[in-house]
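Enquirer: Below you will find the structure I want to go over with you.
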Amino acid sequence: MGCGASRTVEQKPTQVGATATIAVEGKPTAIHDTSQVSTDVKNYVCTTLVKAWPANANGDVCFPEVDDPEFAIPALASDKLPLAICISGGGFRAATLGLGWLRALQILGVLKKAKYLCTCSGSSWLSSALCFQRLVSTEEFLGPYLSPEECSLEALNEVGQKGHSAAAVLADAEPLRDYFKDWAGGVLKSKEEAAKQARSWTKAIAASFLQPYGLGDTDTSTVTCCGTKGGVETTVSERASDVGRGRVLIANLDGLPFPIIVQVIMLATEKVKSFPLEWTPLYSGCPVLYTETKPKLGAGWVEALGVNAELVGKPEAVDGCPGAVRVRVRPAGPASLSEAIGISSAYIASQLELCKSKTDKAVHRALGFNTAQYFNLQDWSSSNVEVADGGGVDYYSIYPALRRKVPSIIVCSASRTEINDPNFSMYMLELAGLFGCWPGNPKDADVIPEEYNKLQQVFPSEGFSELCQALQDSAQAGLAPVHVNEYEVIENSALGVRGGWRVRVMWVMNDRQSAWEAALPEDTREQLDYDRNGLMAKVDEALNPLNADTLREFPHVSTFAMNYKPHLVNLMANHAAHMLMTSKSAVHGMVAAAAAAMAEETEPSADA
């Protein structure tokens, strides 16, 4: 069975003893008796067995994509280097910059060699479509690179065909319009109907970024990945149809990394509000053991089909899979690809939940946002928890790579702050926190620097000043803000990161590149100058704060701008691509380091 097949169970009520039909590569295929199948997402009545992977006695989790004899993907070990690409959150800014970074990495031959692609919030909109779509090649999806000399306004306005080019999809997307339209439709309805407002955000994100590729189902689908040892992509269809998740979207690793999307679980009653949650095409879960939280969280994974489901049976050991169990579950609601990226980018939900005023909490309740049924793998109890934007814990999407001890990591940051800003360290708390160096922010007095740094730190403190100085030197020279360094990883048990090993990190920061701007065609330079310095652009943005109609803030466009014009999409993407295209030696150095690490790992020891 080809990995690119789209499997969809016909959405018709079934008779007792009937056989459901599944479309595989366009051919109807009878699969099994489905007498209890419910086709109504509101009324899940069936149960199914799913696989789960609890942490061991030391709290360590396995990683099924490489460790499990059924779910492991051999190509990750044979065809991929131990190299991770991590793209930060940042809404449309992250999605458009991410398009450029991935475009350059594809051209440089790195994308097909990387083992992992970790994304958060806005960058997950891009990565999900890239890894699951089947309509076009990766090259056509990512689009052509334009050198600065080629970036005329006319060329920038050419974004390609919607449903083919990611640039066209981004230029056409207006998720906030769809969100408010859907949300407002439920305000005056019954209590039951109003409850559906909680998913308005997911629907809007899916309509904008996934539907153009035929991936926009929000309710009755599940996910998996091709190339597993046990053919999970084939066998999951049977169980999925039993529980109202009959369509199976399959991630493709042919020339692409294994995708990981960062989310969080929010517990408003805890001192620490946000806890890490990872989503992949094969499994999801909290990777860290939290025994004192209410409810308990982690540690371990459940296969994708069992996400957002309640337990209806006790765990049973799986023959041939030490540490793995099977549990019977009943889905409590959707667990689709759309849901994954809707949750990962639910920034407003996470912010309002942290607010203390009655007004903000009332707004939070009115907007609804995402919740999910979650069962921890300690005492196997189920709870309904709030799930939200992954940036609440991992803005840079870097912790999944560190948990897996990936020795080479390319981190692409959709930064909102200029590198030469005197308050760079204060505003870039997530970056400074990785080094335990966040100085605090008077406007954010509730977050105590010492506590935040302790929770986030994984790199030695001296590395932060070195990074800042290197980035400032690049900015002053008008060059791409890129820096490579090697660090001893510091143990961080709160986030499940083991210490005592070395990692090579390539930092890529979003900032102005004066040399790149100077090389732009005259019409583009004039437009940039006019928008940055003219009154009209300032007035336009004040009147339309949710639309990026001008180039005034380029490349540090506000996270709340959710509608980009075609020329801005392309300018952001090619600006980002240029950073890596002009840093070829550094990029290839990361590949070489990953190859060396892989060779060292597979080399037989002297004792052997």
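The values are calculated or read from the model by the stated rules, or taken from the named source; none is laboratory data. Fair warning: this is a prediction, and the values are worked out from it, not measured in the lab. When we count neighbours, we look across all protein chains shown, and the Cβ atoms used for this are built from the backbone with ideal geometry, even at glycine. Keep in mind that these areas ignore ligands, DNA and RNA; they rest on the heavy atoms of the full protein, side chains included. Shrake-Rupley method; radii C 1.70, N 1.55, O 1.52, S 1.80 Å.
Enquirer: Please state the shape class of the range 507-549: rounded when a/c is under 1.5, otherwise prolate if a/b exceeds b/c and oblate if not, all from the C-alpha gyration tensor.
Expert: Verdict is oblate for the range 507-549.
Enquirer: Report, to the nearest whole %, how much of the accessible area of the chain belongs to carbon and sulfur atoms, 1.4 Å probe, protein only.
Expert: 52
Enquirer: Taking the chain on its own, what percent of its Cα-Cα pair distances exceed 44 Å?
Expert: 15
Enquirer: If I ignore ligands, DNA and RNA and count only protein heavy atoms, how much of Asp217 is accessible to a 1.4 Å probe, in Å² to the nearest 10?
Expert: Here the residue's solvent-accessible area equals roughly 40 Å².
Enquirer: Checking the a/c ratio against 1.5 first, then a/b against b/c, what shape does the Cα gyration tensor give for the range 394-492?
Expert: Taking the square roots of the gyration eigenvalues as a ≥ b ≥ c, the range 394-492 is oblate.
Enquirer: For the ranges 504-512, 124-132, 289-297, what's the packing order if you count other beta-carbon atoms within 10 Å of each residue, average per peptide, and put the highest first?
Expert: Output ranking for 504-512, 124-132, 289-297: 124-132, 504-512, 289-297.
Enquirer: Take the cross-link list Lys115/Lys229; Lys113/Lys229; Lys162/Lys538; Lys203/Lys296; Lys273/Lys296; Lys271/Lys454 and give me the ones stretching past 24 Å between alpha-carbons.
Expert: Over 24 Å apart, Cα to Cα: Lys162/Lys538; Lys203/Lys296.
Enquirer: Excluding Lys112 itself, calculate the net charge of residues whose Cβ lies under 13 Å from the Cβ of Lys112, where each Lys or Arg counts +1 and each Asp or Glu counts -1.
Expert: Local net charge: 0.
Enquirer: How large is the helix-only mean residue ellipticity at 222 nm for the chain, computed as the sum of -39500 (n - 2.57) over DSSP H runs with n ≥ 4, divided by its residue count, in deg cm²/dmol to the nearest 500?
Expert: -10000 deg cm²/dmol
Enquirer: So how far apart, in nm, are the two label points at Asn58 and Leu546 if each is 7 Å from Cα heading toward Cβ?
Expert: 5.0
Enquirer: Tally Lys and Arg at +1 and Asp and Glu at -1 over the other residues with C-beta under 13 Å from the C-beta of Gly298: what net charge comes out?
Expert: Spelling it out: positives minus negatives among the neighbours equals -2.
Enquirer: Quick one: net charge around Gln373, please, counting Lys, Arg +1 and Asp, Glu -1 for every other residue with C-beta under 13 Å from its C-beta.
Expert: -2
Enquirer: Here's a follow-up. Residues of the chain: accessible area per residue at 1.4 Å, in Å²?
Expert: 40
Enquirer: Arranged from highest to lowest average of other beta-carbon atoms within 10 Å per residue, in what order do the peptides 563-573, 536-546 appear?
Expert: 563-573, 536-546
Enquirer: Ok, one more. If one computes the Cα centroid of the range 77-156 and of the range 489-526, what distance in Å separates the two points?
Expert: Measuring centre to centre over Cα atoms gives 15 Å.
Enquirer: In nm, to one decimal, how far is the Ser493 label point from the Ala519 one, both placed 7 Å along Cα→Cβ?
Expert: Reported label-point gap for Ser493 and Ala519 is 5.0 nm.
Enquirer: Using a Förster radius of 41 Å, what is the FRET efficiency between Glu140 and Ala477 based on their Cβ-Cβ separation? Nearest 0.05, please.
Expert: 0.70
Enquirer: Kindly identify the range 195-241 as rounded, prolate or oblate by the Cα gyration tensor criterion: order the square roots of the eigenvalues as a ≥ b ≥ c, call it rounded if a/c is under 1.5, otherwise compare a/b with b/c, prolate if a/b is larger, else oblate.
Expert: prolate
Enquirer: Can you give me the C-alpha center-to-center distance between the range 415-453 and the range 218-248, rounded to a whole angstrom?
Expert: Using only Cα atoms to place each centre, the spacing works out to 42 Å.
Enquirer: Taking the Cα atoms only, what angle lies between the long axis of helix 584-602 and the longest principal axis of the chain, rounded to 10 degrees?
Expert: Tilt of helix 584-602: around 40 degrees.
Enquirer: On a 0 to 90 degree scale, rounded to 10, what angle separates helix 91-107 from the longest Cα axis of the chain?
Expert: In the chain, helix 91-107 runs at an angle near 90 degrees to the longest axis.
Enquirer: Something else now. Given labels modelled 7 Å from the Cα in the Cβ direction, how far is it in nm from Glu270 to Ser147?
Expert: 5.2
Enquirer: Once both axes come from the Cα atoms, what is the angle between helix 122-132 and the longest principal axis of the chain, in degrees from 0 to 90, rounded to 10?
Expert: 50
Enquirer: Could you tell me the distance between the Cα centroids of the range 273-298 and the range 528-556, to the nearest Å?
Expert: A separation of 41 Å, based on Cα centres.
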